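Notes follow the structure.
Where a number appears in this text, it was derived from the coordinates with a stated rule and is not lab data. Here the structure is a predicted model, which means the values were calculated and not measured.
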C-alpha cells in the first residue's frame, strides 16, 4: 500500500481515537468542548480530489456522531467545511493555492492560523447551531462556538506543531 495512503489512514484513525477516548470526555465549564478531529479535514492534501475529501469528511463526522449519539451534526458540519475548504484555502494562501503548491508544513504561521481559525469557527458555528437549533438561544450558540473554537484552535495549532513533518 502507498505510504501516503497509509499515513492518511493512520491520521484518520488516530484523530478519531483521540477524539473518542480523550476529547469527548473533556467538558470545561459545562459547554467548552474541543474537537481536534477537524485537523484531518484541514490538513488533507490540497491536490487530492474534492469529492474524496467531502466523502472522508462525511465518514469522519459520522463516526464521531455514532460515538457521541449526536444524530449527524458532526457529519453535517464536517461536510460543510470540506465543501468550503477551497474557498478558505484561496483566501488564506492566495497564489500558493492557485498554483496548487500549498504545503502546510512550510506555509507561514499567520496564514495557517487564519485558515485554521476560519474553518474551526465555521465548523463549530454549524455544529452548535444544529445541536441547539433554536434562534432564541443564539447567544448560547455563539458562546459555545467562541469558547470551544478557541480551545480547538489552540489544541490544533499545538498538535500541528508537535506532529509537523520534517522536510
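Numbers below:
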{"item": "Potential lengthening between residue 66 and residue 108 on full extension [0.36 nm per residue; Cα-Cα distance subtracted]", "result": "11.5 nm"}
{"item": "Segment residue 162-residue 49, extension gain: residue separation times 0.36 nm, minus the distance between their alpha carbons", "result": "38.0 nm"}
{"item": "Counting all C-alpha pairs of the chain, share separated by more than 18 Å (%)", "result": "59"}
{"item": "C-alpha long axis of helix 138-162 to longest principal axis of the chain, angle in °", "result": "30"}
{"item": "Nearest 10 degrees, 0 to 90: helix 109-132 Cα axis against the chain principal axis", "result": "30"}
{"item": "Extension reserve of the residue 17-residue 83 stretch, reckoned as 0.36 nm per residue once the Cα distance is removed", "result": "21.4 nm"}
{"item": "Value of [θ]222 nm, deg cm²/dmol, for the chain, DSSP H segments ≥ 4, -39500 (n - 2.57) each, nearest 500", "result": "-23000 deg cm²/dmol"}
{"item": "Nearest-ten-degree value, helix 73-93 long axis tilted from longest Cα axis of the chain", "result": "40"}
